[in-house]
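First comes the structure, then the notes that go with it.
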Amino acid sequence: MKHAILTLVSLTAAAALIACGDQSATANQDPDEADAAATAADAGAGSYENLSAVAAAPWRPEEDSARDEWRHPAETLEFFGVDPSGAVAEVWPGRGYYARILAPWIAANGGTYYAIHPADMSTDDGADERQAFEAAFPDDVFGDIHHGSLTGESGQLVDNPASLDAVLTFRNVHNWVGRGFDQKAFNDFYAALKPGGVLGVVEHRLPSGQSDIRASSGYVAVEYVRSLADEAGFEFVEASEINANPADTADHPFGVWTLPPSRRSPEPGSPEAENFDRAAFDAIGESDRMTLLFRKPLESQQAAADEAEAEAEDSEAGEAGAEPDSE
């Protein structure tokens, strides 16, 4: 299906379905809209190997396009150096903002896209979630999507360890911190990646000097994310300010969810609503975000690092057991 990506009815249904969170088939499409979408599909057929073309594809709903100015999807994926001909996992794809770009782009380039969900696929809840995702992302539009899960009790991320070229996650680390399996998540990413594979992380950024141990505000410290990656064995490659928003002070009454797109607000007439200025928070836009790139070391590099660590431990042990100098 590499280049025959677009089937009009599925395309339109997929965009509407995931945007609305509906798990059932959509209503019949307006004929005029169908003609317009078909024209766009014909014009773009065979071009979706290109990231910019996929980011501008007609199946992306208006809500996605409106968020691009805050999320910079093409620039972010380029920074991460994602190879669309490889095996790429997106962890907790949510409503599918990135999935609608990644899945068809990777399919058009002969790669494999994995959607890693926040529920065990073997449970009833997990099965329901997978069915909803598959209904919203049909094969004839988005390619053959593979599925997995990440929870506090889940096993390996994909069937074959050390088989992925990239693991990507967007605005999810705070969820794992709050649920207490943040280190497990990064350990699982490391195990799933090939040596040399990359981990790309976008997360709401807690200002330097502030502390929110359980990430209850939705914001996480850069240093903490880097420590999780370091503990798992990753090497830090680079940070980018692609998704920075200097207007975000990260001290909002409902945490990051005060800002768009969640726009959480107090109940009308409540004491909290008295001085609450919805327009001021909307003017900030979406959150300030870190964009971090990590890499799993090549086997030779990892062996050298393990050897150096072992030598350091032996040295420390020798110093601890040495006789003190006599006076």
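The values are calculated or read from the model by the stated rules, or taken from the named source; none is laboratory data. On a predicted model such as this, the values are computed, not experimentally measured, just so you know. Note that each Cβ is placed from the backbone with ideal geometry, even for glycine, and that neighbours are counted across all protein chains shown.
Of all residues in the stretch 120-143, those being in contact (Cβ under 8 Å) with a residue 60 or more places away in the chain, surrounded by fewer than 21 Cβ atoms within 10 Å (Cβ to Cβ) and not in a helix (DSSP H, G or I) number 1.
Take the residues in the stretch 159-203 that are assigned to a strand (DSSP E or B) and of a type in the set (Val, Ile, Thr), then tell me which one is farthest from Pro118 (Cα to Cα).
The initial filter retains those residues of the stretch 159-203 that are assigned to a strand (DSSP E or B), namely 164-170, 193-203.
From what's left, of a type in the set (Val, Ile, Thr): 167, 169, 198, 201-202.
Details: Val167: 15, Thr169: 12, Val198: 21, Val201: 17, Val202: 17 Å.
If we take residues in the stretch 159-203 being assigned to a strand (DSSP E or B) and of a type in the set (Val, Ile, Thr), then Val198 is farthest from Pro118 (Cα to Cα).
Would you call Leu77 assigned to a helix (DSSP H, G or I) and among the hydrophobic types (A, V, I, L, M, F, W, C)? Spelling it out, Leu77 is indeed assigned to a helix (DSSP H, G or I) and among the hydrophobic types (A, V, I, L, M, F, W, C). Exactly one residue among Ala221, Ala279 is at pLDDT 95 or above and crowded, with 17+ Cβ neighbours inside 10 Å, and that residue is Ala221.
Restricting Ser208, Ser240 to residues that are over 19 Å from the mean Cα position of the chain (by Cα) and hydroxyl-bearing (Ser, Thr, Tyr) narrows the list to Ser208.
Each row is one residue, and each column tells you yes or no for (1) in contact with a Gly (Cβ under 8 Å, 6 or more places away or on another chain); (2) of a type in the set (Val, Ile, Thr).
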site: Val225; (1), (2): no, yes
site: Ala239; (1), (2): no, no
site: Ala247; (1), (2): yes, no
site: Phe254; (1), (2): no, no
site: Pro266; (1), (2): no, no
site: Pro271; (1), (2): no, no
site: Phe276; (1), (2): no, no
site: Asp282; (1), (2): no, no
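Within the set Asp248, Asp212, the sole residue that is closer than 30 Å to Gly81 by Cα and part of a loop (DSSP other than H, G, I, E, B) turns out to be Asp248. Within the stretch 57-71, does at least one residue satisfy the condition of being in contact (Cβ under 8 Å) with a residue 24 or more places away in the chain, in contact with a Pro (Cβ under 7 Å, 6 or more places away or on another chain), of a type in the set (Phe, Trp, Tyr) and not in a helix (DSSP H, G or I)? So far as the stretch 57-71 goes, no, none of its residues is in contact (Cβ under 8 Å) with a residue 24 or more places away in the chain, in contact with a Pro (Cβ under 7 Å, 6 or more places away or on another chain), of a type in the set (Phe, Trp, Tyr) and not in a helix (DSSP H, G or I).
When each of Ala229, Ala305 is tested for being surrounded by 10 or more Cβ atoms within 10 Å (Cβ to Cβ) and modelled with pLDDT of 95 or more, the lone residue that passes is Ala229.
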